[in-house]
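Comments concern the structure below.
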Amino acid sequence: MTRAERAAVHLLALALALLIGGAAASALTAVERTGTAPLLALSLPSAAGLASTLLTCGLLSGLLGGGLLIALDDCPAWRLSPAQIGAMRLWWAAALASPAAWLLDLPFASALTVWVGIAALILTALVPSALRRGLAVWRAGMALAGIGLLLPALLAAILPGDVFTALIGGVIADGLRVSIGIPVAAVALMFWLMHRFSTVTPVWAARGTRTCGGLIALAGAWLTLPGLAAFGAPNWMRTLIGVGGFIPPLAWAVVAAHTYAALVRSGMTTARTTHWTALAALLFLLGGLTGGLRALPEFAAWTAPALSNTLMMWGAAAVMIGALNQTSAAFGGRAARGGALAPFWLVTGGVLIAVWALSMAYAAQTALALGAGVGLAGSAGLIAPLRSLALVGWMAAVFGVSWFGVGFWRRPPAALIEAEQE
Amino acid sequence: MRSVFTSLLALALMVLIAAALIVHPRAELSAQASLGFAVWRAQGCAGCHALFDAGGGVASDLAGVTRRRTIENIRAALRDPALPPHHAGLTVSEIDDLIALFRWLDAQPLSARPTPTALAFAAAVASTGAPPTAALTPAERGRAEFSRAPGNCASCHSLAPDVVIVGPSLAGIASRAAERVPGQTAAVYLRNAILYPSDYLVPGYADLMAKNLGAALTVDQVDDLVAFLLTLE
């Protein structure tokens with residue numbers, strides 16, 4: 001195993017660790033939601049910020065590791081240059097410091113986002129260009145995610161005090177990161193995985209990456225538009241947004257169809273990558289559906305944007321776990337096999353239950369508020385069981401990812417162990 | 001057809017930029033509502049509440065709150081001792097600014113809710129600057145200080161009578177303070193209660209106040225807090 005290969009695996013492992021933390025922090029916000037632990041809620045006012053930072057850093061780490069794998073696949077002879085090693089260190093420091101600052105509730109926690117963005121951009125730029133066009137799609141996705149992290153600070157520096165530029169820029173930055181950048185990069189990785197575990201040809205995968213990547217970018221724009229329109233859009237623009245509401249579900253349905261095509265032709269692989277990829281496709285599709293509904297005025301009040309964002313994030317997380325799984329199988333780690341289905345079902349069930357419970361809680365509260373005029377404080381007691389259910393779901397997901405993690409860390413890729421024994 | 005991806009991506013980015021350019025000149029925020037943003041951020045409301053799904057996770061999304069509650073209702077919620085103590089300690093004008101903010105947000109069409117995350121939102125609001133505090137009296141500053149870090153007094157002390165969170169309610173403390181310790185005036189007792197909480201324990205309560213407030217708070221902050229507590233007749 002070369003140093004570059006090891007770096008890729010390590011990035012994926014870092015992603016896994018951050019993801020476990022992110023899932024745990026999500027569970028913590030659910031504890032707060034149940035209202036049974038007010039003191040805990042007080043001592044952790046930024047659990048939501050922590051969860052979001054952990055997920056962002058985790059997903060970007062995983063996607064960076066995945067990009068390295070794609071590049072290595074094209075040029076196995078690649079050796080890390082000093083600049084690349086430096087960029088790698090910069091990323092590790094950023095991905096660890098930023099969640100740590102949130103955890104300690106440091107006042108500059110949100111400022112560290114800039115560091116994360118810059119480190120991601122530098123590392124992305126330094127991954128060598130490969131022949132495979134999938135890497136270009138990955139690079140574009142990573143660049144947009146990085147820019148999304150930098151944009152708010154950039155605008156604040158250029159136009160300080162301009163509330164609207166800041167707010168509108170914030171919506172765009174968010175869209176670039178959550179709705180466009182991360183999903184596009186994840187889709188590139190997903191297609192690379194498909195041609196690893198399935199008999200589909202690299203040419204098919206490359207073409208699929210480009211079509212789907214483009215569609216996902218467009219879908220991401222549509223997921224972002226309702227947020228922009230809130231600042232005062234002319235009627236024709238609102239109509240246009242509503243009419244285009246079919247784009248996100250359609251785009252993700254196309255991805256799901258590609259995934260299906262690859263899954264039915266999955267070869268003799270013993271790795272569970274197929275499962276994780278299928279889960280990713282499902283979560284992405286659900287995210288696209290709920291996101292698309294947001295564009296329609298009738299449904300806007302019923303579908304929380306957080307719902308589709310959460311689904312997208314966990315879709316990308318599933319891709320990442322799939323990549324780790326595939327890699328440890330390829331490099332001879334045995335984590336990919338024996339018993340590996342239990343964590344998969346825990347994560348699948350957990351995320352679906354949590355998301356379902358949260359969406360039901362949200363719908364119930366909206367219905368009560370709009371229909372019966374009951375304030376959210378009034379209906380909080382009624383939906384407490386749903387919030388507890390969401391907690392159960394997140395706990396299952398934490399447990400599942402941790403289980404996978406234990407399997408991975410106990411039996412890491414065999415070559416990795418050899419390298420360390422040398 | 002060299003790259004479907006490049007074309008679609010370019011289209012997506014163009015759509016976003018065009019939308020931003022169309023929307024930007026039409027957007028307006030009253031001066032008071034932007035002060036409300038500053039309060040929202042300074043008071044850490046986003047730590048519990050989402051606003052269009054930005055931040056929060058603990059309590060309700062406050063987008064749409066002016067539709068489901070009357071303004072008087074919201075005012076009451078912001079002083080409700082049964083709700084988490086973060087609500088206590090807002091000044092009257094801070095509450096007005098927040099309500100102006102909620103009104104502005106809710107005047108935006110329901111069909112189009114912005115989706116900034118906690119991070120983007122915090123960064124955006126950060127650029128509007130801190131709320132102006134210079135023009136306030138010491139007691140007003142103290143009131144604001146009361147619910148803020150590093151003291152976080154409001155997380156343990158309610159300002160509503162007889163509501164016990166962790167420590168005793170501080171309603172009416174100005175009248176009680178002079179009688180607590182023989183020989184100590186109200187102001188001296190209050191300063192002592194903040195800086196050396198173990199010196200005198202209110203009967204029935206454990207010694208739970210932080211012992212480092214003397215280091216965590218500036219001299220001015222302690223003065224302001226005492227000035228505020230002295231107004232709680």
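No value in this document is a laboratory result; all are computed from the given coordinates. All values reported here derive from a predicted model rather than from experimental measurement. Virtual Cβ from ideal backbone geometry, glycine too; neighbours counted across all protein chains shown.
List of remarks:
- Peptides ranked, highest mean first, by Cβ atoms within 10 Å: ranges B:182-190, A:350-358: A:350-358, B:182-190
- Per-residue mean of C-beta atoms belonging to partner chains within 10 Å, peptide A:220-227: 6
- Inter-chain neighbour count for B:149-155: the average number of beta-carbon atoms from partner chains within 10 Å of each residue's beta-carbon is 2.
- Across peptide A:149-158, the mean count of Cβ atoms from other chains lying within 10 Å of each residue's own Cβ comes to 3.
- Cα-based shape type of segment B:136-229, given that a ≥ b ≥ c are square roots of the gyration tensor eigenvalues and the cut on a/c is 1.5: rounded
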